[in-house]
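Asks: One structure, as structure tokens, below. Some questions next.
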Amino acid sequence: MSRLIIDRRRFLTGSAALGSTMALAGCSQFDFLAQRDNPIRNAIEQANVLTYQAQRALIGDQVLAREYAASEIRQGMKPNGSTEPTTAEYMFLRGMNFEPYRLTIKGMVDKEVSFSLAELRNMPARSQITRHDCVEGWSCIAKWTGTALGPVLDQAGVKPGARYCVYHCYDNIQRSISGDILYYESSDLVDAYHPQTILSYGLNDAVLPVSNGAPIRLRIERALGYKQPKYLHTIELVDDLSPFGQGKGGYWPDNGYDWYGGI
Ligand SMILES: Nc1nc2c(c(=O)[nH]1)N[C@H]1C(S)=C(S)[C@@H](COP(=O)(O)O)O[C@H]1N2
Ligand SMILES: [Mo]
């Protein structure tokens, strides 16, 4: 059994090597890869589809990410990307200590629902100590507390045709003369219903700080850092990712990163 696991790892490491080539697309040297019709990019994207399918087939749907002991938390959670959103909506909520905040579940659901922070905190809680891996080359072990996303989605009733969750965030990751670009991400429903996928409001036994995504940030523990949306306000159930952003399923995928981002 253990040999089988090692072989799986080795196989996936091979495919992951292509994924990390993709991650370099953020560097200017590889900027040409970010052009959507670039043939090299298309080839790498095909490899990413293979990685996704291989992970789904080989690892299975519900395998847990490794959890660590409290003694293995050796640092704070390094804030990265947006750390202080400046959209009017977010600054208003922050000024009100997130009292009026609501998380909305909409799209391909039986009924749109929304929850206050107090309601989310009153749902069954789960804590997990996991390692966050950013493609920039750093990792942090941290303790996340929140409520599982699956049962929250069930309260809205996911329609049979839905395939993805789109996670909409408050922060303007990019500001330009043509307006703010807001961070967004997406996952399939396997990751959405994974038992370690939580709507997190606590970090290392304290209230989740603004720099790490207050009031709610999603944890998808078997995915890379950019698949962990902070400042989450709406989850939209859809069957197609192409209408959002530039159509690749997330802010970083729109800029050349692999959509699945599995680890
Ligand atoms: N809304 C939002 N979510 C985000 C980001 C961001 O800029 N905005 N950055 C991503 C990246 S690249 C990483 S590594 C992690 C950083 O999370 P942290 O600040 O809690 O360390 O958040 C991810 N989620
Ligand atoms: Mo990251």
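The values are calculated or read from the model by the stated rules, or taken from the named source; none is laboratory data. Bear in mind the structure is a predicted one, so any value in this text is a computation, not a measurement. Reconstructed Cβ throughout: ideal geometry from the backbone, glycine too, with neighbour counts over all protein chains shown. What goes into the accessible areas is simple: the full protein's heavy atoms, side chains included, and nothing from ligands, DNA or RNA. Shrake-Rupley method; radii C 1.70, N 1.55, O 1.52, S 1.80 Å.
Asks: Cβ-Cβ below 7 Å, separation at least six or inter-chain, first residue in the range 134-145 and without any contact (Cβ under 8 Å) to a residue 12 or more places away in the chain, second in a strand (DSSP E or B): which pairs?
Replies: Filtered contacts from the range 134-145: SER139/ARG131; SER139/HIS132; SER139/ASP133.
Asks: Another question about this same structure. Being under 28 Å from TRP138 (Cβ atoms), touching a strand residue (DSSP E or B) at 6+ places or on another chain (Cβ under 6 Å), at pLDDT 70 or above and of a type outside the set (D, E, K, R) is the requirement here; does TYR52 meet it?
Replies: Here the answer is no, as TYR52 does not meet what is asked.
Asks: Has the range 115-135 got any residue that is of a type in the set (Asp, Glu), within 15 Å of ligand 1 (Cβ to nearest atom) and open to solvent by 100 Å² or more (accessible area, probe 1.4 Å)?
Replies: no
Asks: Further, regarding this structure: Go through (1) farther than 18 Å from TYR184 by Cα; (2) within 16 Å of the chain's Cα centre (by Cα) one by one and return the number of the condition GLY81 breaks.
Replies: (1)
Asks: Check the range 161-177 and report whether any residue there is open to solvent by less than 30 Å² (accessible area, probe 1.4 Å), among the hydroxyl-bearing types (Ser, Thr, Tyr) and assigned to a strand (DSSP E or B).
Replies: yes
Asks: Restricting to the range 51-103, what's the tally of residues that are open to solvent by 50 Å² or more (accessible area, probe 1.4 Å), within 21 Å of HIS194 (Cα to Cα) and not aromatic (Phe, Trp, Tyr)?
Replies: 9
Asks: Just to verify a result, which residue in the range 211-247, among those that are of a type in the set (Lys, Arg) and free of Cβ contacts under 8 Å to residues at least 60 places away in the same chain, is farthest from ligand 2 (Cβ to nearest atom)?
Replies: Among those residues, the one meeting the criterion is ARG217.
Asks: May I pose another question? Please find, within the range 45-78, the residue that is farthest from PRO209 (Cα to Cα) out of those that are charged (D, E, K, R) and in a loop (DSSP other than H, G, I, E, B).
Replies: In this case the residue turns out to be ASP61.
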